[in-house]
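The structure appears right after this line, and notes come after that.
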Amino acid sequence: MPSADLPLEECLTYRPELPLPDGFDTFWADTLGEAPLDGIPGKPRYKRVDSGLAQVHTYDVSVPGYGGRPVRGWLHMPAGATEPLGCVVEFLGYGRGRGLPHEQLMWACAGYAHLIMDTRGQGWSAAGGVTADTDAGAAGAVPGFVTRGVESPETHYYRRVFTDAVRCVEAMREHPEVDPARIVVTGFSQGGGIALAVSGLVPGLAGVMPDVPFLCNIPRAARIAGMPPYTEIAAYLQLHRDRTESVFRTLAYFDGAHHATRATAPALFSIAMMDEICPPSTCFTAYHRYAGPKDVRVYEFNGHEGGAEHHRAEQLAWVRSLFAGLPSGQADRS
């Protein structure tokens, strides 16, 4: 398919003005500092499941997420590990749930702990999910999640999801079989956008791998993307013609390009130049603004599939090299 966005030469120099919303850091500090809704902080729970696999042990995970409400996931651990493990925390693409326990085994087979976070309210596309989103927001949102609660940052759907993601990373830092100094976050599309948010909200990560990330330079994406989910914004504003300014003000708090400016960990991005779902100029916006050490793999003739398994090989090599250069942090869990 031909590119509908800027050519690569222009993307490499594309650095648009993207003002940080007022109170951005305070909003997130307050959000992450809120007490659970029931007033009782819970603890992560891990229940071993029989997946039929001998070389990977899988646990059904429940982590207290936003408001203390449980967010589910799978934790895969290589069998027979005797030392604290490096860990990959993965966030999922739009519509996808955690699926079945035997589906995603690459990172555990490579010798790492691997937590797959279920995305609240999702799980209708490609793989099922089990985590409910109990706050559907005001009536009138376009079907999907991008405009759910878009009336304000406090009510927006991704406030809950980003908090869930932070809590999952914190849970892995406290897991007795995980080295807290060697935790990498990653995700494809929506998962890449969540990984970027975590990169700015959680200090001390070992690495970040945003793969064709969604939720970057949202105002531009809403105007040029030809396919969902960004088209949900356009559909909402097509009806609510007087809300453009307020909608983009809310969404700015969840824009990965803003969170990237707070990141410090090394990052490996992937961007596809024929991507109609997450236009490359929007992904490059986050890449250029990413404040930590960074590298990118560009797939010039690919769409939203990006580098697919070719890029998985790049990620495996990158994480192995990254972890090899890090001392163990097992003694310090602060």
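The values are calculated or read from the model by the stated rules, or taken from the named source; none is laboratory data. Given the structure is predicted, the values throughout are model-derived calculations rather than measurements. Please note: Cβ atoms are built from the backbone with ideal geometry, for glycine as well, and neighbour counts cover all protein chains shown. Remember, those area values only see protein heavy atoms, side chains included, never the ligands or the DNA or RNA. Shrake-Rupley method; radii C 1.70, N 1.55, O 1.52, S 1.80 Å.
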Legend entry - Residue in the stretch 90-104 that is under 22 Å from His310 (Cα atoms) and outside any loop (DSSP other than H, G, I, E, B) present: yes
Inset, instruction - Any residue in the stretch 96-109 that's in contact (Cβ under 8 Å) with a residue 12 or more places away in the chain: show its pairings with residues that are charged (D, E, K, R) at Cβ separation under 8 Å, as long as the two are six or more apart or on different chains. - result: Gly97/Asp118; Arg98/Arg72; Arg98/Asp118; Pro101/Asp60; Gln104/Glu90; Met106/Arg312; Trp107/Glu90
Legend entry - Unmet criterion (only one of (1) buried (at least 24 other Cβ atoms within 10 Å of the Cβ); (2) among the small types (Gly, Ala, Ser); (3) closer than 23 Å to Tyr236 by Cβ) for Gly144: (1)
Legend entry - Selection status of Ala234, among the small types (Gly, Ala, Ser), closer than 18 Å to Thr282 by Cβ, modelled with pLDDT of 95 or more and open to solvent by 40 Å² or more (accessible area, probe 1.4 Å): yes
Legend entry - Every residue from the stretch 146-179 that is within 14 Å of Gly73 (Cβ to Cβ) and either of a type in the set (Gly, Ala, Ser) or at pLDDT below 95 (or both): Ala165, Ala171
Inset, instruction - Restrict the check to the stretch 302-322 and report whether at least one residue is open to solvent by 10 Å² or more (accessible area, probe 1.4 Å), at pLDDT below 95, assigned to a helix (DSSP H, G or I) and over 30 Å from Trp28 (Cβ atoms). - result: no
Legend entry - Index of the failed condition, Leu268 passing every other in (1) assigned to a strand (DSSP E or B); (2) buried (at least 24 other Cβ atoms within 10 Å of the Cβ): (2)
Legend entry - Matching residues, the stretch 51-89, being in a loop (DSSP other than H, G, I, E, B) and surrounded by fewer than 19 Cβ atoms within 10 Å (Cβ to Cβ): Ser51, Gly52, Leu53, Ala54, Gln55, Ala79, Gly80, Ala81, Thr82, Glu83
Inset, instruction - Quick one: Phe145 ticks every box in (1) under 30 Å from Leu322 (Cα atoms); (2) in contact with a helix residue (DSSP H, G or I) (Cβ under 7 Å, 6 or more places away or on another chain) except a single one, so which number is it? - result: (1)
Inset, instruction - Answer with yes or no whether Thr244 is surrounded by fewer than 19 Cβ atoms within 10 Å (Cβ to Cβ) and either at pLDDT below 95 or touching a Gly at 6+ places or on another chain (Cβ under 7 Å) (or both). - result: no
Inset, instruction - Output yes when any residue across the stretch 277-298 is assigned to a loop (DSSP other than H, G, I, E, B), crowded, with 17+ Cβ neighbours inside 10 Å and over 19 Å from the mean Cα position of the chain (by Cα), and no when none is. - result: no
Legend entry - Only listed residue being of a type outside the set (Val, Ile, Thr), open to solvent by 10 Å² or more (accessible area, probe 1.4 Å), touching a strand residue (DSSP E or B) at 6+ places or on another chain (Cβ under 9 Å) and in a loop (DSSP other than H, G, I, E, B), chosen from Gly137, Gly111, Gly123, Gly128: Gly111
Legend entry - Conditions (1) crowded, with 24+ Cβ neighbours inside 10 Å; (2) among the hydrophobic types (A, V, I, L, M, F, W, C); (3) within 20 Å of Glu314 (Cβ to Cβ); number of the one not met by Ala206: (1)
Inset, instruction - Residue by residue through the stretch 203-230, note down the ones that are over 25 Å from Thr264 (Cα atoms) and among the β-branched types (Val, Ile, Thr). - result: Ile224
